[in-house]
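To start, the structure itself, in structure tokens.
The values are calculated or read from the model by the stated rules, or taken from the named source; none is laboratory data. It should be emphasised that the depicted structure is a prediction, and the values quoted were computed from it without experimental measurement. Backbone-built Cβ (ideal geometry, glycine too); neighbour counts: all protein chains shown. The protein model used for the area step is the full one, side chains on, heavy atoms only, and it has no ligands, DNA or RNA in it. Shrake-Rupley method; radii C 1.70, N 1.55, O 1.52, S 1.80 Å.
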Amino acid sequence: MQLLRKILFPVSLVYALVVYLRNFLYDQGIFSSKRFETPTICVGNLSAGGTGKTPMVELLVALLKDRYKVAVLSRGYRRKSKGFVLADAQATVETLGDEPYQIFSKYTDLALAVDADRRNGITILEEKIRPDVILLDDAYQHRKVKCGFSILLTSFDNLYVDDWYLPTGNLRDSKKEAGRAQVIVVTKCPQDLSLAAQQELQNKLRPKARQRLVFSYLAYGNRLIGNEGSIGFEDLRGQNVTLVTGIANPNPLLVYLEKMGVKFKHLKFKDHHSFSGTELEMLRQKQCILTTEKDFVRLKDKVGQLYFIPVRHKFLADGEAVLKQSLEEFM
């Protein structure tokens, strides 16, 4: 795969040119970007997948929902429905997509919608829901909407400044577009990342004076959650454990499970993988399956003995306070 990526370097140059021209046309006002009356907060990245966007949206919902009427708008990647869909009691993974459904499963009273056309989605939410704030999931490249506040995520082990354009690298946007963000979050950091190392990252990312740079790590839960309740890691002793992942970067989860002393066989699938009938039948033969929350919402009605490891962002130093202050200043 790495050899193929290198061979496709000329294609990445063409991709880079297209990205540059598109951003130039928006910057010059030739392509229009609409600002809405409702405050909008965008969560996104410059690279393809693997930075923790969904846990960040969940964190923002938790921070804002008690004081504001919050709505979430997502594209609904790989859903089977079309157009604008507002989540309700009949919502499924097929109608919303796995990540939006995951969010809605936690916050069932939340106004959550999916629409590939973000302008249309915001317009309908303003008409039907009249929220105080709209969170736009994975919309950093969706420049048809001019967001009031943007949070840019970049993974500690794959910083956008070290990346290159698709398909040779993982960049789907220009590095200079990082300048549009109000807050930059370096995600998936080691929990013991020193202040000196944080300063090195700041020197490398070189945020603008008006931008806030914070650091977070993934905090995994110490209980495993399944359809019929939760279990502890000690309950896995003596069981044949299979880890099933369909996410962009499962490495932090592997490190955590090894740290917890879990012995497992790993079945790795591509991000947003749609499990075939043959694969599901194979999984049904497993004694105990651990998976991610995103995969759990797709498998929970199809496979037994299934548990997921909850995960959330936690910040180093005063990172959460900095984020809260930035949000308060915007709102």
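Here are the numbers for this structure:
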item	result
Gyration tensor verdict on the stretch 151-253 (Cα atoms; rounded if a/c is under 1.5, prolate if a/b is larger than b/c, oblate otherwise)	prolate
Positive-end residue of N170, F36, Q211, charge dipole of the chain with Cβ unit charges	N170
DSSP bridge pairs, the stretch 191-331: antiparallel proportion in percent, nearest 5	50 percent
Hits among aspartates and glutamates - C-alpha to C-alpha of K188 under 12 Å, sequence gap 8 or more where chains match	D157
Under 18 Å from the Cα of K270 - lysines, other chains or at least 8 residues apart	K53, K294
Assigned charges on the beta-carbon of Lys, Arg, Asp, Glu; the chain dipole about Cα centre (debye)	720 debye
Unit Cα scatterers, Debye sum, the stretch 171-319: log10 I(q)/I(0) for q = 0.13, 0.14, 0.19 Å⁻¹	-0.71, -0.78, -1.11
Compactness relative to 2.2 N^0.38 Å, alpha carbon Rg of the stretch 1-134	1.23
Debye-sum result for the stretch 1-77 in log10 I(q)/I(0), which assumes one identical scatterer on each alpha carbon, at q = 0.16, 0.18, 0.22, 0.28 Å⁻¹	-0.91, -1.01, -1.14, -1.27
Area of K6 that stays accessible when all protein chains are in place (1.4 Å probe, Å², to 10)	140 Å²
Per-selection Kirkwood Rh - the stretch 38-111 (Cα, Å, 1 d.p.)	13.1 Å
Accessible area of the chain belonging to carbon and sulfur atoms, whole % at 1.4 Å probe	50 percent
Per residue accessible area in Å² of the stretch 204-331, where ligands, DNA and RNA are left out and the probe is 1.4 Å	53 Å²
DSSP beta bridges in the chain [antiparallel fraction, %, rounded to 5]	25 percent
Relative contact order [Cα under 8 Å, 6+ residues apart], the stretch 244-304, whole percent	48 percent
DSSP beta bridges in the stretch 32-176 [antiparallel fraction, %, rounded to 5]	15 percent
Isotropically averaged projected area of the stretch 190-240, using the convex hull of Cα atoms (one quarter of hull area), nm²	6.6 nm²
Pairwise centroid distance, computed over Cα atoms, of the stretch 60-111 with the stretch 286-331, Å	15 Å
Normalised per residue, the volume of the convex hull around the Cα set of the chain (Å³)	153 Å³
The stretch 50-119, relative contact order [Cα under 8 Å, separation at least 6], %	39 percent
Cα-Cα separations in the stretch 80-142 greater than 20 Å, expressed as whole percent	20 percent
Accessible area in the full protein assembly, largest first, 1.4 Å probe, for R180, R67, R206, R143	R206, R67, R180, R143
Average Cα contact separation per residue, the stretch 281-331, under 8 Å, 6 or more apart, as relative contact order %	30 percent
Residue (of L4, T51, Y140) at the positive-pole extreme of the stretch 1-149, dipole from beta-carbon charges	L4
In Å², nearest 10: area of L299 left accessible to a 1.4 Å probe	0 Å²
Per residue accessible area of the stretch 5-79, 1.4 Å probe, in Å²	51 Å²
Value in Å of the Kirkwood radius, where the stretch 235-317 supplies the Cα pairs that are averaged	13.4 Å
Dipole magnitude of the stretch 143-199 about its Cα centre (Cβ charges: Lys, Arg +1; Asp, Glu -1), debye to nearest 20	460 debye
Convex hull projection area averaged over all views, the stretch 116-187, Cα basis, nm²	5.7 nm²
Computed [θ] at 222 nm, helices only, for the chain once each DSSP H run of length n ≥ 4 contributes -39500 (n - 2.57)	-9500 deg cm²/dmol
For the chain, built as a Gaussian network whose Cα springs stay under 10 Å, the top-fluctuating residue of T187, T278, T123	T278
Extension gain from A321 to Q141, taking 0.36 nm per residue of separation minus the Cα-Cα distance	62.1 nm
Most mobile listed residue (V255, V311, V297) in the chain, GNM with C-alpha springs under 10 Å	V255
In order through the stretch 226-242: 3J(HN,Hα) via Karplus (6.51 cos²θ - 1.76 cosθ + 1.60), integer Hz, x for Gly, Pro	x, 4, 10, x, 10, 9, x, 4, 5, 6, 8, 4, x, 9, 8, 9, 10
Sequence of Y160, Y15 when ordered by accessible area, the most exposed leading, probe 1.4 angstrom	Y15, Y160
q = 0.12, 0.17 Å⁻¹, the stretch 32-81: log10 I(q)/I(0) [Debye, one scatterer per Cα]	-0.36, -0.71
In Å², nearest 10: area of R75 left accessible to a 1.4 Å probe	120 Å²
